[in-house]
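Visitor: I'd like to ask you about the structure that follows.
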Amino acid sequence: MKTLVSRRALLKGGLAVGAGLTIGFPLPRRRSDALAQTPGVFAPNQWLRIDRDGVVTITNSVPEMGQGSLTTTPMIIADELDVDLDRVRVEQAPANPALFKNPVTGAQSYGGSRGVRDHLAMWRKAAAGAREMLMQAAANEWGVPVESVETEPNEVVHKPTGRRLLYGQLVDRAQQLPVPQDPKLKTPDKFRYIGKHVHRRDTPEKITGRGVYGVDVVVPGMLVASIERCPVFGGKVKSFDATAAKQVKGVKHVVQVSNGIAVVADGFWSASQGRKALRVTWDEGPTAQVSSAMITREYEAAARQPGQVARNDGDAEKALAAGGRVHEAVYQVPFLEHACMEPMNATAQVTPDACVIWAPTQNPGGTQATGARLTGLPPEKVTVHTTLLGGGFGRRGEQDFIVDAVETAKAVGAPVKVMWTREDDLTHGFYRPATYNLFRAALDANGMPAAWFTRMVGPGILIQKGRAKAGEIDAAAVEAVRNMPYDVPNLRIEWTNKDFGIPLGFWRSVGPSQNGFIIESFIDELAHLAGKDPYEYRRALLGKSPRHKGVLELAATKANWGAPLPSGRGRGIAVVFSYGSYAATVAEVSVAPDGAVRVHRLVAAIDPGIAVNPDQVKAQMEGGAVYALTAAFYGRITIDRGRVQQSNFHDYPMLRINEMPVVEPHILDSGEAPGGLGEPGVPSVAPAVCNAIYAVTGKRVRALPIDRAQLKRA
């Protein structure tokens, strides 16, 4: 059964969760497997079960990649089921898209900050249905109307007499009852966990080392492989000589796989030394002619030609031609790599009748499908164990490292862990697109934009991945530009697809991560050109976007916008919508005479609709700030002869702890439909910082990463 639920359907009917939010998901179906038929187990649906001891076990389908799914999912279910949180255990769901798919996307794959926002309604309904079944079971036991019973944590109570039955005492009777299709949900005033601070449940196992990441997987008889890959994107093996590699102590096999030559050994050191001894001749293919300089030239040329029209309100061309103050600017952003702290890896074991995969993947369903495709086995014969992820950011939704493990294990007839090096990660990743963006705007007599024109040039990630048709507007490429919130009467957005074959990936917050920078920087330029306060200028243009305005005002208020700053400091502000949430940032910055930028303070505000665990919401905003600042100061992937020039953290640096500013996150809990959290903290940071740089230096940053030399004072 495949059920896709649109955002509109989610908001149509159901019971109110908070101001403005209603839910209407179909109830998850009753389990039909052996577990559901086990005596002493109440399993009303695929998401939860209760045993005779009253222990609740929930199945969490969302991989834990640092965002807190192992905490928020139990909170939601514990609240609706009315159990103590410490009685709830969590199991990671196996790959089974039929049972554990995302109810909105229909896939068992997680990116786009979809954990809470896509599952909240379904999880609540699943737990509420189970609670009603337990109440009915108790009423039947006592021979009383169900209306006379209620629940207290872990038990059902008969209100007139005070009689009580623990959930564990009711599991056998409850299991025989029909599943209610429209269970009554709790009102927010009854929540014990949702909206409250709850400590992360996975923290102890991570700080003690008990948590199992992909790199920690050990299987009896397991070998370890390292793969030599063509240094040029799209290149293939022409020939190879493994003679020297096989002479390295510990090397067991050398086999060709789709992504290169796998050296398989009894340990990683032997595999990596054997890999260095390989002699490979490559067919580098056409991408060997591509360089960053070529890409920039082609982008600039394309920007001089009309693009596809992504949005056209009024007549921007006529308004621009009418004269007045016309302002033009060009903004550029580079390719970026995800740089997860845990390099890519996966372990696989392939036998004639089964395939087992252990992987830190964001895409369990896709991993199962990959295993089935490569082995020829039916999907139900492919088992996927999803480990903890040492960073995801979109990178671990790809399948290349899964292909590595399955193909290698199949070729050598033994379980194999394929380990990537940091150099492999940086030089063979999937990159955030580099783009070139031309802006023109005309200001009216009051300094407000009468016309706005943006022409964007860059590759389309959805088109490259086959999720959108060539020739169409790529929604990810224009996100946060096509739907920019400012009220401009004449607005034209154009986009030109220029793809040079650099593999593209969904980098944390995807289109808004770069497009928030260009939009929020250009609106800041217009504010200064008009001689107006950048915060008030935005407020005046957000009359049709109240949630943008709300977080903008919250961030500005908490940052004491307009109050005097220490000498040599400036403030900048930005607001961006992404993944269902609205976020704003105020940055407080100083710039040294040598051009070194110091971010002293970031004040962030987010409206995520509902904050299930406020502490975790704040943590996501803080983590987003680290990720965004790293990219703003250091992030740049450059190409020469089809090769990535960066190779490790010495030339692709991360933000250091001494560079980290104070981050003050604030939540505007609007009660609207739940939005994402992992990604919305990123887009508003870079423009806020760069706008603050302008405020203190008068120099506008129009290309990332920030060029320190540009900011030097003579």
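The values are calculated or read from the model by the stated rules, or taken from the named source; none is laboratory data. These figures come from a predicted structure and were not determined experimentally. Cβ placement follows ideal geometry from the backbone for every residue including glycine, while neighbour counts extend to all protein chains displayed.
Visitor: In the stretch 616-645, what count of residues is obtained for those that are among the aliphatic types (A, V, I, L, M) and closer than 19 Å to residue 425 by Cβ?
Guide: Count: 5.
Visitor: A further question follows. Can you report the number of residues in the stretch 371-388 which are touching a strand residue (DSSP E or B) at 6+ places or on another chain (Cβ under 9 Å) and surrounded by fewer than 24 Cβ atoms within 10 Å (Cβ to Cβ)?
Guide: Here is the first cut: in the stretch 371-388, the ones touching a strand residue (DSSP E or B) at 6+ places or on another chain (Cβ under 9 Å) are 371-372, 374-375, 377, 381-388.
So of that shortlist, the ones also surrounded by fewer than 24 Cβ atoms within 10 Å (Cβ to Cβ) come out as 372, 374-375, 377, 381, 383, 385, 387-388.
Residues in the stretch 371-388 being touching a strand residue (DSSP E or B) at 6+ places or on another chain (Cβ under 9 Å) and surrounded by fewer than 24 Cβ atoms within 10 Å (Cβ to Cβ): 9 in total.
Visitor: Yes or no: the stretch 133-154 includes at least one residue that is part of a loop (DSSP other than H, G, I, E, B) and surrounded by 15 or more Cβ atoms within 10 Å (Cβ to Cβ).
Guide: yes
Visitor: When you check residue 664 against the structure, is it closer than 25 Å to residue 394 by Cβ, of a type in the set (Asp, Glu) and in the same structural domain as residue 590 (by TED's automatic domain parsing), yes or no? Spell out the reasoning first.
Guide: Values: closer than 25 Å to residue 394 by Cβ: no; of a type in the set (Asp, Glu): yes; in the same structural domain as residue 590 (by TED's automatic domain parsing): yes.
Against the criterion (closer than 25 Å to residue 394 by Cβ, of a type in the set (Asp, Glu) and in the same structural domain as residue 590 (by TED's automatic domain parsing)), residue 664 does not qualify.
Visitor: Those residues that are of a type in the set (Gly, Ala, Ser) and in a strand (DSSP E or B), I need them from the stretch 329-364; list them, please. Let's see the steps before the verdict.
Guide: Within the stretch 329-364, the subset of a type in the set (Gly, Ala, Ser) is 329, 339, 346, 348, 354, 359.
Those that are of a type in the set (Gly, Ala, Ser) and in a strand (DSSP E or B): 329, 346, 348, 354, 359.
Visitor: Residues of the stretch 280-317 being in contact with a Ser or Thr (Cβ under 8 Å, 6 or more places away or on another chain), closer than 30 Å to residue 224 by Cβ and surrounded by fewer than 17 Cβ atoms within 10 Å (Cβ to Cβ), which ones?
Guide: Initial filter on the stretch 280-317 (in contact with a Ser or Thr (Cβ under 8 Å, 6 or more places away or on another chain)): 280-281, 292, 299, 302-303, 305, 307-308.
In the following step, the residues that additionally are closer than 30 Å to residue 224 by Cβ were identified as 280-281.
Correct list: 281 only.
Visitor: For residue 633, state whether it is among the hydrophobic types (A, V, I, L, M, F, W, C), out of contact with any His (no Cβ under 8 Å at 6 or more places or on another chain) and part of a loop (DSSP other than H, G, I, E, B). Write out each step before concluding.
Guide: On the way: among the hydrophobic types (A, V, I, L, M, F, W, C): yes; out of contact with any His (no Cβ under 8 Å at 6 or more places or on another chain): yes; part of a loop (DSSP other than H, G, I, E, B): no.
Against the criterion (among the hydrophobic types (A, V, I, L, M, F, W, C), out of contact with any His (no Cβ under 8 Å at 6 or more places or on another chain) and part of a loop (DSSP other than H, G, I, E, B)), residue 633 does not qualify.
Visitor: Shifting gears a bit: If I go through the stretch 456-472 residue by residue, how many of them are in contact with a strand residue (DSSP E or B) (Cβ under 6 Å, 6 or more places away or on another chain) and either of a type in the set (S, T, N, Q) or farther than 28 Å from residue 338 by Cβ (or both)?
Guide: 1
Visitor: Do we have any residue at all in the stretch 441-458 that's surrounded by 19 or more Cβ atoms within 10 Å (Cβ to Cβ), of a type in the set (Ser, Thr, Tyr) and either over 28 Å from residue 487 (Cα atoms) or free of Cβ contacts under 8 Å to residues at least 24 places away in the same chain (or both)?
Guide: For the stretch 441-458, residues surrounded by 19 or more Cβ atoms within 10 Å (Cβ to Cβ), of a type in the set (Ser, Thr, Tyr) and either over 28 Å from residue 487 (Cα atoms) or free of Cβ contacts under 8 Å to residues at least 24 places away in the same chain (or both): absent.
Visitor: Give the number of residues within the stretch 481-536 that are in a helix (DSSP H, G or I) and over 18 Å from residue 693 (Cβ atoms).
Guide: First, pick out the residues of the stretch 481-536 that are in a helix (DSSP H, G or I): 510-529, 534-536.
Still in the running and over 18 Å from residue 693 (Cβ atoms): 510-513, 515, 536.
Final tally of qualifying residues: 6.
Visitor: Please indicate, with yes or no, whether at least one residue in the stretch 639-651 is of a type outside the set (Ser, Thr, Tyr) and either outside the structural domain of residue 481 (by TED's automatic domain parsing) or closer than 13 Å to residue 663 by Cα (or both). Walk me through it before giving the result.
Guide: We begin by selecting, within the stretch 639-651, every residue of a type outside the set (Ser, Thr, Tyr); these are 639-646, 648-651.
Those still in the list that are either outside the structural domain of residue 481 (by TED's automatic domain parsing) or closer than 13 Å to residue 663 by Cα (or both) too: none.
Scanning the stretch 639-651, I find no residue that is of a type outside the set (Ser, Thr, Tyr) and either outside the structural domain of residue 481 (by TED's automatic domain parsing) or closer than 13 Å to residue 663 by Cα (or both), so the answer is no.
Visitor: Please go through the stretch 669-692 and give me each residue that is part of a helix (DSSP H, G or I) and at pLDDT below 95, ordered by number. If you could, list the steps in order and put the result at the bottom.
Guide: Initial filter on the stretch 669-692 (part of a helix (DSSP H, G or I)): 685-692.
Selection gives nothing.
Visitor: Still on this structure: Residue pairs, Cβ under 6 Å, 6 or more apart or interchain, first in the stretch 501-526 and closer than 13 Å to residue 687 by Cβ, second aromatic (Phe, Trp, Tyr). List them.
Guide: What qualifies is 518/331; 522/439.
Visitor: Still on this structure, please answer the following. Condition first: among the basic types (Lys, Arg) and either within 30 Å of residue 483 (Cβ to Cβ) or in contact with a Gly (Cβ under 7 Å, 6 or more places away or on another chain) (or both). Now tell me which residues in the stretch 556-606 satisfy that. Spell out how you get there, then give the answer.
Guide: Residues of the stretch 556-606 that are among the basic types (Lys, Arg), as a first pass: 558, 569, 571, 598, 601.
Within the stretch 556-606, 558, 571, 601 meet the criteria.
Visitor: Can you tell me how many residues in the stretch 72-95 are crowded, with 24+ Cβ neighbours inside 10 Å and either within 26 Å of residue 111 (Cβ to Cβ) or polar (S, T, N, Q) (or both)?
Guide: The qualifying residues number 7.
Visitor: For the structure I just gave you, tell me whether residue 132 is in contact (Cβ under 8 Å) with a residue 24 or more places away in the chain, within 22 Å of residue 158 (Cβ to Cβ) and under 27 Å from the mean Cα position of the chain (by Cα).
Guide: Details: in contact (Cβ under 8 Å) with a residue 24 or more places away in the chain: yes; within 22 Å of residue 158 (Cβ to Cβ): yes; under 27 Å from the mean Cα position of the chain (by Cα): no.
Answer is no for this residue.
Visitor: Further question: How many residues, within the stretch 578-609, are in a strand (DSSP E or B) and either surrounded by fewer than 22 Cβ atoms within 10 Å (Cβ to Cβ) or without any contact (Cβ under 8 Å) to a residue 60 or more places away in the chain (or both)?
Guide: Adding up the residues that qualify gives 4.
Conditions (1) farther than 25 Å from residue 184 by Cβ; (2) at pLDDT 95 or above; (3) not assigned by TED's automatic domain parsing to the domain that holds residue 131, marked per residue:
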{"position": "18", "(1), (2), (3)": "no, no, no"}
{"position": "25", "(1), (2), (3)": "no, no, no"}
{"position": "35", "(1), (2), (3)": "yes, no, no"}
{"position": "39", "(1), (2), (3)": "yes, no, no"}
{"position": "44", "(1), (2), (3)": "no, yes, no"}
{"position": "52", "(1), (2), (3)": "yes, yes, no"}
{"position": "72", "(1), (2), (3)": "no, yes, no"}
{"position": "75", "(1), (2), (3)": "no, yes, no"}
{"position": "85", "(1), (2), (3)": "no, yes, no"}
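Yes/no per residue for (1) modelled with pLDDT of 95 or more; (2) over 20 Å from residue 80 (Cβ atoms); (3) within 38 Å of the chain's Cα centre (by Cα):
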residue	(1), (2), (3)
140	yes, yes, no
143	yes, yes, no
147	yes, no, no
173	yes, yes, no
178	yes, no, yes
183	yes, no, yes
186	yes, no, yes
191	yes, no, yes
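Visitor: Considering only residues of the stretch 432-480 that are in a strand (DSSP E or B) and of a type in the set (Lys, Arg), which is nearest to residue 497 (Cα to Cα)? I'd like the intermediate steps shown before the answer.
Guide: Just the residues of the stretch 432-480 that are in a strand (DSSP E or B), to begin with: 432, 435-443, 449-458.
Checking which are of a type in the set (Lys, Arg) leaves us with 432, 440, 455.
Details: 432: 14, 440: 20, 455: 11 Å.
For the stretch 432-480, the residue satisfying everything is 455.
Visitor: Related question: So which of 547, 538 ends up being in the same structural domain as residue 301 (by TED's automatic domain parsing), under 21 Å from residue 586 (Cβ atoms), among the basic types (Lys, Arg) and crowded, with 24+ Cβ neighbours inside 10 Å?
Guide: Details: 547 fails: crowded, with 24+ Cβ neighbours inside 10 Å.
Exactly one residue qualifies, and that residue is 538.
Visitor: Restricting to the stretch 399-423, what's the tally of residues that are part of a helix (DSSP H, G or I) and closer than 20 Å to residue 508 by Cβ? Walk me through it before giving the result.
Guide: The first filter runs over the stretch 399-423 and keeps only residues part of a helix (DSSP H, G or I), leaving 400-412, 422-423.
After this cut, where a residue has to be closer than 20 Å to residue 508 by Cβ as well, the list is 400-401, 422.
Adding up the residues that qualify gives 3.
Visitor: Just wondering, is there one or more residues in the stretch 397-407 that are more than 29 Å from residue 114 (Cβ to Cβ) and either crowded, with 20+ Cβ neighbours inside 10 Å or not aliphatic (A, V, I, L, M) (or both)?
Guide: At the first step, the residues of the stretch 397-407 found to be more than 29 Å from residue 114 (Cβ to Cβ) are 407.
Narrowing further to those that are either crowded, with 20+ Cβ neighbours inside 10 Å or not aliphatic (A, V, I, L, M) (or both): 407.
Yes, some residue in the stretch 397-407 is more than 29 Å from residue 114 (Cβ to Cβ) and either crowded, with 20+ Cβ neighbours inside 10 Å or not aliphatic (A, V, I, L, M) (or both).
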